[in-house]
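Here is the structure we will look at, set down as C-alpha cells.
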Amino acid sequence: MLMLWPKGDSARTTRLERRARETAAWTRVKAEVRRRDRICRYPDRTECAGRLEVAHLHERRRSKTTGKPPADRHDARWCLLLCAKHHRAYDEHRVDLVVMDRTVGAHGPVMWE
Ligand SMILES: [Zn+2]
C-alpha cells in the first residue's frame, strides 16, 4: 500500500514541537522565578499594582532571542518578578536596572536606576 503524506507535514510537526519545547521552558522558568522572588523586585513596593508577572531583562527580551533554543531564550538568571505596574514601567524604559553580578544575573542583586 502506498502511503502519501501531506506536503509540509514534517515541517508543521517540527514547528509544533518547537513551540511545545518553548512553552515548557518558559513555564519552568516562570515557576522558578516566582519561587525565587515571591514579590515584586522593584525596591519601592508601596506603589506596586496589578498581578505579579515574570519579566525578561531587556538584554534578553524575547525579540532579541528569536530563533535561539528555548533554554537560551528563557533562563531564570535573566528574568525577575515584577508587579504589572513596574513591569510596564521597566518595559517602557521609565525605570531601568543593572545586574550586579553577571555570572548569577537576576539570581543576585540588581541595582535600579
Ligand atoms: Zn511593583
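Rule-based calculations on the coordinates, nothing more; no lab input. Predicted model only: the values in this text are computed from it and were never measured. Note that we place each Cβ from the backbone using ideal geometry, even for glycine, and neighbour counts take in every protein chain shown.
Remarks
- Counting only Cα atoms, region 66-113 measures 30, 23, 15 Å along its principal axes, largest extent leading.
- Amide H contacts of Leu97 (H built 1.01 Å from N, under 5 Å, at least 5 apart or other chain): Glu113
- Residues Cys40, Cys83, Cys48, arranged from fewest to most other Cβ atoms within 10 angstrom of their Cβ, appear as Cys48, Cys83, Cys40.
- Remark: spin-label model distance Thr66-Arg21 equals 1.9 nm, labels positioned 7 Å along the Cα→Cβ axis.
- Lysine pairs within the chain, Cα separation less than 28 Å, 8 or more sequence positions apart or different chains: 5
- Cα radius of gyration and Dmax for the chain (Å): 18.0, 70
- Of the residues His93, His87, His58, the one with the fewest other Cβ atoms within 10 Å heads the list, and the complete ranking is His93, His58, His87.
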